[in-house]
1. How many residues are within 7 Å of chain A (Cβ to nearest Cβ) and either within 16 Å of B:Glu206 (Cα to Cα) or surrounded by 24 or more Cβ atoms within 10 Å (Cβ to Cβ) (or both) when one looks only at region B:130-148?
2. Which condition number does A:Ala166 fail, the rest of (1) more than 9 Å from chain B (Cβ to nearest Cβ); (2) under 17 Å from the mean Cα position of the chain (by Cα) being met?
3. Out of the residues in region A:110-138 that are open to solvent by 30 Å² or more (accessible area, probe 1.4 Å), more than 12 Å from chain B (Cβ to nearest Cβ) and modelled with pLDDT of 85 or more, which is farthest from A:Gly12 (Cα to Cα)?
4. Give me the pairs: first residue in region A:60-74 and closer than 9 Å to A:Ala193 by Cβ, second residue part of a helix (DSSP H, G or I) and hydroxyl-bearing (Ser, Thr, Tyr), beta-carbon distance under 7 Å, and six or more apart or on different chains, which are they?
5. Starting from residues that are modelled with pLDDT of 70 or more and exposed (fewer than 11 other Cβ atoms within 10 Å of the Cβ), keep the ones in region A:73-87 and report whichever is nearest to the other protein chains (Cβ to nearest Cβ).
6. In the set B:Leu340, B:Leu361, B:Leu320, which member is aliphatic (A, V, I, L, M) and open to solvent by less than 30 Å² (accessible area, probe 1.4 Å)?
7. Only one residue in A:Ala58, A:Ala149 is modelled with pLDDT under 90, within 14 Å of the chain's Cα centre (by Cα) and within 14 Å of chain B (Cβ to nearest Cβ), so which one is that?
8. If B:Thr51 passes every condition in (1) open to solvent by less than 60 Å² (accessible area, probe 1.4 Å); (2) more than 21 Å from B:Leu185 (Cβ to Cβ); (3) assigned to a loop (DSSP other than H, G, I, E, B) but one, which one does it miss?
Amino acid sequence: MGIAEPLTSTAGVLAAVIAVLVDGRNAVTIAVLAVAAGLAPTVAVVAGAPAALVLAGAALAGVVAGHSGRALARRLPWVAGLDPLIPAFSASRRLFGPRSVRAWGAALSVPAASWVSFNVPIGAVTTVKGVLFPVAYVWACGAVRLVVARTVEDIAVGVAMTGMGAAAAWIARGGPDVYSGAAVVAVLAPAAALTAGWLWGRHGRRPAPEPQ
Amino acid sequence: MSPLGAAAVWAGAGIAGAVFLPALRLRRLAALVPLLAFVAVLLVSVLPGVTLPTDTSPGAFHMDRTTQGLLMASAVSVVLMLILSPPAAGAEVRTLGIAGAAAVVALTSAHPVVMTLALLTAAAAVALRWIARAPGHTTLAAGRVAIAGGAILVAATAFLPVADVLAGPRPVVASALLAGGLATLLGLLPVGGWALGGMLRLRGVEAAVWPLVVAPAALLVAQRIQLILPPLGVATFGHVILTMGLLTAVWHGFQATRAAPGGRYARVLVADLGLAAAAIGSGHTGLAQAGGLFLITCHLLMAPVLLQPPGQPDQRPRRLAWLLLSGVPPAPSFWGRFLLLEGLSQVSATVLTFTLVPMGLLFVASVLGARGAAAGRVQASDAPPARPARLAAAWAAVAGAVAMGLFSTTAAAFIFGPT
């Protein structure tokens, strides 16, 4: 019995929506886990169940890298750090703030991802068409998050999403270098988590009190 | 030595320099980091041909002579910049090391994913440093736009290879993504905004990583990437990058004539990058590559002098540097812009007009820059005298550019090998 394509697409869309809207210091980790879970069914349908291990491995590496970076940064001597959660140029909490902009962006990404999925064939050896909607949607939502980013954390989430989306696209593309290429692209997710965790850890430390 | 070894030396020297030089109070020796990279790139075995991202193995790296020349020129430029600037912070040296290593990987990898990922890494290193150094709207834009450009390039690789796809939307989408990503990294999208914002907020070595390391690498990748596209893809790539390049050149040529002395050079650089990118879109690959590389090498020599804040103790090298960017023979900028003009003039009369306008504006901006430097000499007369090493580095950069202008063919063959 095959897997229904609408269900796999729905999983991808839900994952992208979660990832594009999540905020806070664990945003990258949550986004990476959600995207891996959402795209795994599509990847498994297109390239077989083992291909989903690439995304699962990237998600696991992202969680470990994020926490390791944070823990390592906290052990180092204090320096004035860049807070990845502080918006660079506007208030962080306001009505119709960054989330609504991202939600509009996610809504506008639906037709774009749909067009790419149904009109642009992909594949190194044999081409496939029509199964890429969740992959293209995750990538488009990641790009939206990057373009409207107001914090370094937003940028890290966007990089992780586009990396996972591109890795899934590489798996769908196939070819002799499918796993090596996908694994190299998927490295973006743990790298983004490591960077965000590191910056959070560096900023989270406080200077030792001056001796009286 | 392999190209990967040279990249490891760049990154290793940068990270080690960032850790040890400040701790040992030897920050003045930061120029040793790019010097080590220069030697490493010099020792790499050079292979004939051009490195294209068509291999299926992520571990395939080849360095050709043109790439070696550009990477060595870039390292020399960083050496000059570090000598001319006040002692660099550890983070600057680390960023230079990471971006330099990423540039080596991007220009020598034969796998599309590794190449684009390296460009994304370089953009991320620059953006993170700029945001950390001067948090604000303009530097965050570097993170948003430049990293988005890198992500677009990575996405484009999923549609490769397209060389055998002669029709349909796939070559159009792939080439549009490649052109958009590279235009973004070259600072052409949106019309030079993010790169200019960063360079205007930061000064000297803080702003140097993009113009001296990342932009030259992105330009060479843009010159070569067309070779893996089918005719339909080449046309799409050309239209996108020609339009973006000419718009950027005209806009920043105009703005360069109106800019304050501290911000004029950044606009001239972005305008010249726009012209070099536009020439790539003209379809005359040989002229675009020769002119673009010559012009960017001229900037690699002049940027360390002109990216310093105005009011330096000795303004004479600065004034000469401006004159060498005027585009009047025998300045090296003349030869670079002449080759670009030759390529662009063959597209159409409209393109020729849109090429001549920024070239004229850049001449005016250079003359204004030289006049500003002459006025700055009077203002800076009370400043302490320049250190001999800085003075020597400034004059060495100017002398190198003069030699490039006088012996253009020999200089091009010396740097980039016989073509």
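1. 8
2. Failed condition: (1).
3. Selected residue: A:Pro111.
4. Hits for this filter: A:Gly62/A:Thr29; A:Val63/A:Thr29; A:Gly66/A:Thr29.
5. A:Pro77
6. None of the others qualify; the one that does is B:Leu340.
7. Exactly one of A:Ala58, A:Ala149 is modelled with pLDDT under 90, within 14 Å of the chain's Cα centre (by Cα) and within 14 Å of chain B (Cβ to nearest Cβ), namely A:Ala149.
8. (2)
The values are calculated or read from the model by the stated rules, or taken from the named source; none is laboratory data. Everything quoted here is computed from the prediction, not taken from an experiment. Quick reminder, even Gly has a Cβ in these numbers, built from the backbone with ideal geometry, and neighbours come from all protein chains shown. Surface areas here come from the heavy atoms of the whole protein model, side chains and all, with no ligands, DNA or RNA. Shrake-Rupley method; radii C 1.70, N 1.55, O 1.52, S 1.80 Å.
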